[in-house]
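Notes for the one structure printed next.
The values are calculated or read from the model by the stated rules, or taken from the named source; none is laboratory data. Just so it is clear, the structure is predicted and the values come from calculations on it, not from any experiment. Cβ: placed from backbone, ideal geometry, glycine included. Neighbour counts: every protein chain shown. Calculation scope for accessible area: heavy atoms of the full protein, side chains included, ligands and nucleic acids excluded. Shrake-Rupley method; radii C 1.70, N 1.55, O 1.52, S 1.80 Å.
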Amino acid sequence: MRFKIQDLKLKKLIICYPLLSLWLFAVICLIHAVDVYADTPTQQVKQTVDKVLDILKNKELKRPEKTKERRALIRKTVLERFDFEEMAKRSLALHWRNRTPEERKEFVPLYTDLLERSYIKKIESYTDEKILYIGEKIEGEYSEVNTKIVTKRNVEVPIDYKLLRKNGKWEVYDVVIEGVSLVNNYRTQFNKIIRTNSYEELVKRMKNKQEEELFEEKAR
Amino acid sequence: MKMVGDKSQKSEVKGQKNSLFVISYSLLSFYLLMIGGWLIDTAYANDNQKIVLSLDQCIKKAVEVSPEIGESRYEEEVYKSKKLQADSAAYPQIEVLAIAGPSPEAKREYISPSINTSVATTINGIFGSADVTLIQPIYTFGKISSFKQAASSGIRVAKAGVDKRTSDIILRTKELYYSILMAKDMRNLILEVKDDLVESIKKAEKQIEIGSPWADEINLFKLRTFLGEVDRNLNETEKGIALAKDALLTSMGFSRGTDFDIADTSLTPEKKIPEDVSVYMRNSIEFRSEFVQLKEGLKARNALIDAEKSNYYPQLFVGLKASVAGATNRDKVDNPYIYDPLNHAYGAVFIGIKWSIDFGITEGRVKEARAEYHKLIEKKRFADEAIPFQVRRAYLDMKESEKNIVETEKAYKNARKWLIAAIANFDMGIGDAKEVADAAMAYIQMKANNIRSIYNHRMSFANLLYATGMDIQEIK
């Protein structure tokens, strides 16, 4: 009898627990989904920019011996918002199709690394600049966030982020600085090098730059 | 007792009043001292405060303290005094002479029944006499009215002179104000470049220090050379700002060491939409002070010719003359043939003419006045040609600078894009440093050209307002 009761309880538990878990999982997913969709592209870009600025303002991380740690944190934050693979794909454009999976596997991290370094170098020089969010456009899965950096000498630098929605999250696939699209610029330059030289020459030049950067990083 | 009581009460009241007065007076004095102290403190604090003035405030202050305008205002006073003299010439002029002194004795016996020719002079009395002459011009053949006209026009010429000086000061103040702004913008541009340059030098130095195979010492030398040039330009700009500030301070009556700055931070193109050139041409004829001066000057010169011409003719007038004298020791003799200067009384009304006849002096003066008139006509002819040219030139300058702002803005924005793309390519390893340097140079040149175009636009608009006399209308 005692066993029976226990058996019944167990039966109940066995039936109810997965149901409860499923229900809880659904609620969590919904909350998460609501949270993700509630954020506009501007809010999502702002979250990332604010996080980076918090890292830069952190007195502890400002110390020279903390440079590696600070940069790693910035890199991690930037990676969460930037879709570097999409950027690399768009930068290579027609030439992306001709690339083997190995070449693509080699190119994307190389491109990401150089772009990240360039972004980090720029952003590290920001101290008291004001960042203004001045507009937003959404067209289906694409959006654009318009910002303006006001420097300490009162110079306004317009920076627009182009975003693509992937799995409910807005990801940056191009940055337009004062009217210059990084992706468009790289597309033209990459195309020129590949057409006049070769894809291998392009990768060689990029690797050379990466080596230079790594050498300097190690020397620090 | 009652009286004594009243007295003591009165003295008590008086005593209370006195005490109240003393207390009130002390309190008042205390408050006054407090207020005085506060005022002194405030004045001292104000002395130490930085003075920040907008363009309008600078113009107002410079006009207020200008010695040139003060001089021109006194010129106006001179003509006002001449007008007063001309106006008063139409009224009677009265001359009074009153004297008193010791009087020699004179008795009627000295001449009656026979004239005594040896009388000893005995001064034993005093005399007093008064003579009054009144002259009222009747007809002057246009002399008075011509002088009145000349003086009235003279006042208007002097007023236009004040406007001319004010206009000069407005233009000078604008030039200094815009120069400071231009220099500040140039300084910002230089500092923007310098920041990047210093960063690049640090990076190049680091590369050499760590023995990077990508390091190039020649690049470092080039960067340092460029930095020297940037610093030289920066020093020149700083000197320009300091000199322009000094000149502006002095023109506003402040001492050289005053902590001063202008309210604007950056030079922007003139916001007012320009009218058609024909509007400016019309306005120059109406408002330009030189035109007013010439128009009124010609009227004055013409009136002076008439005034000189009136000297060909006599001046007609009526008059009244009265004389009275009396002495304590002289007998009065009633005889029309005998006149005693110390004892008499008479009056007379008369009509008269005053006429100076010469053989060429008046004609010479008329000719001289005519020559002065013609000199002014020639001046007007020159102004009629030169001022519209000045207006048109300022207008075309403004139009040119307006277009230049657009063109240089396009140029520097493209240079900026070139620089951004060149840096992006350099960071990606697909662009060289020379491309970045070329783009940076082009950006600096184009941006500097844009700043100069904005300055030229501002100045040509100021010149246009000066050439048309509209700057005065604006501050009025």
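Okay, here's what the table says:
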{"quantity": "Residue identified as surrounded by fewer than 20 Cβ atoms within 10 Å (Cβ to Cβ) and under 32 Å from the mean Cα position of the chain (by Cα) among B:Asp163, B:Asp196, B:Asp168", "calculated": "B:Asp168"}
{"quantity": "Any hit, the range B:226-244, residues being open to solvent by 50 Å² or more (accessible area, probe 1.4 Å) and closer than 24 Å to A:Glu216 by Cβ", "calculated": "yes"}
{"quantity": "Scan of the range A:181-208 for residues that are touching a residue at least 60 places away in the same chain (Cβ under 8 Å), within 30 Å of A:Glu69 (Cα to Cα) and within 9 Å of chain B (Cβ to nearest Cβ), ordered by number", "calculated": "A:Leu182, A:Tyr186, A:Met206, A:Lys207"}
{"quantity": "Which listed residue is free of Cβ contacts under 8 Å to residues at least 60 places away in the same chain and either more than 8 Å from chain B (Cβ to nearest Cβ) or not aliphatic (A, V, I, L, M) (or both), from A:Glu211, A:Glu171", "calculated": "A:Glu211"}
{"quantity": "Residue within the range B:456-473 that is in a helix (DSSP H, G or I) and surrounded by fewer than 17 Cβ atoms within 10 Å (Cβ to Cβ) present", "calculated": "yes"}
{"quantity": "Flag if B:Asn449 is over 35 Å from the mean Cα position of the chain (by Cα) and either open to solvent by less than 70 Å² (accessible area, probe 1.4 Å) or within 14 Å of chain A (Cβ to nearest Cβ) (or both)", "calculated": "yes"}
{"quantity": "Extreme residue, surrounded by the most Cβ atoms within 10 Å (Cβ to Cβ), among residues of the range B:328-369 that are within 23 Å of B:Phe141 (Cα to Cα), out of contact with any helix residue (DSSP H, G or I) (no Cβ under 8 Å at 6 or more places or on another chain) and of a type in the set (Lys, Arg)", "calculated": "B:Lys367"}
{"quantity": "Odd one out for B:Arg393 among (1) within 44 Å of the chain's Cα centre (by Cα); (2) within 11 Å of another protein chain (Cβ to nearest Cβ); (3) of a type in the set (Lys, Arg)", "calculated": "(2)"}
{"quantity": "Residues being in contact with a helix residue (DSSP H, G or I) (Cβ under 8 Å, 6 or more places away or on another chain) and without any contact (Cβ under 8 Å) to a residue 12 or more places away in the chain - total across the range B:223-255", "calculated": "1"}
{"quantity": "The listed residue being out of contact with any Gly (no Cβ under 8 Å at 6 or more places or on another chain) and within 30 Å of B:Arg365 (Cα to Cα), out of B:Ser118, B:Ser114, B:Ser81", "calculated": "B:Ser81"}
{"quantity": "Considering residues of the range A:176-220 that are among the charged types (D, E, K, R) and not in a helix (DSSP H, G or I) only, the residue least open to solvent (accessible area, probe 1.4 Å)", "calculated": "A:Glu178"}
{"quantity": "Residues (open to solvent by 20 Å² or more (accessible area, probe 1.4 Å) and either more than 11 Å from every other protein chain (Cβ to nearest Cβ) or hydroxyl-bearing (Ser, Thr, Tyr) (or both)) located in the range B:175-192", "calculated": "B:Glu175, B:Leu176, B:Ser179, B:Met182, B:Met186"}
{"quantity": "Residues of the range A:91-118 that turn out to be under 17 Å from A:Ile193 (Cβ atoms) and within 14 Å of chain B (Cβ to nearest Cβ), as a count", "calculated": "8"}
{"quantity": "Residue count for the range B:263-296, restricted to those that are crowded, with 16+ Cβ neighbours inside 10 Å, farther than 15 Å from B:Arg393 by Cα and small (Gly, Ala, Ser)", "calculated": "1"}
{"quantity": "Residue match in the range A:141-151 (condition: within 14 Å of chain B (Cβ to nearest Cβ), open to solvent by 20 Å² or more (accessible area, probe 1.4 Å) and modelled with pLDDT under 90)", "calculated": "yes"}
{"quantity": "Condition check for A:Val183: of a type outside the set (Phe, Trp, Tyr) and under 19 Å from the mean Cα position of the chain (by Cα)", "calculated": "yes"}
{"quantity": "Residues (within 30 Å of B:Ala440 (Cα to Cα) and either more than 14 Å from chain A (Cβ to nearest Cβ) or at pLDDT below 95 (or both)) located in the range B:396-410", "calculated": "B:Asp397, B:Met398, B:Lys399, B:Glu400, B:Ser401, B:Glu402, B:Lys403, B:Asn404, B:Ile405, B:Val406, B:Glu407, B:Thr408"}
{"quantity": "Any hit, the range B:297-306, residues being surrounded by 14 or more Cβ atoms within 10 Å (Cβ to Cβ), modelled with pLDDT of 95 or more and under 30 Å from B:Lys60 (Cα atoms)", "calculated": "yes"}
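For (1) assigned to a loop (DSSP other than H, G, I, E, B); (2) free of Cβ contacts under 8 Å to residues at least 60 places away in the same chain, each residue gets a yes or a no:
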| position | (1), (2) |
| --- | --- |
| B:Tyr91 | yes, yes |
| B:Ile94 | no, yes |
| B:Pro102 | no, yes |
| B:Ser112 | yes, yes |
| B:Val119 | yes, yes |
| B:Phe127 | no, no |
| B:Asp131 | no, no |
| B:Ile135 | no, no |
| B:Ile138 | no, no |
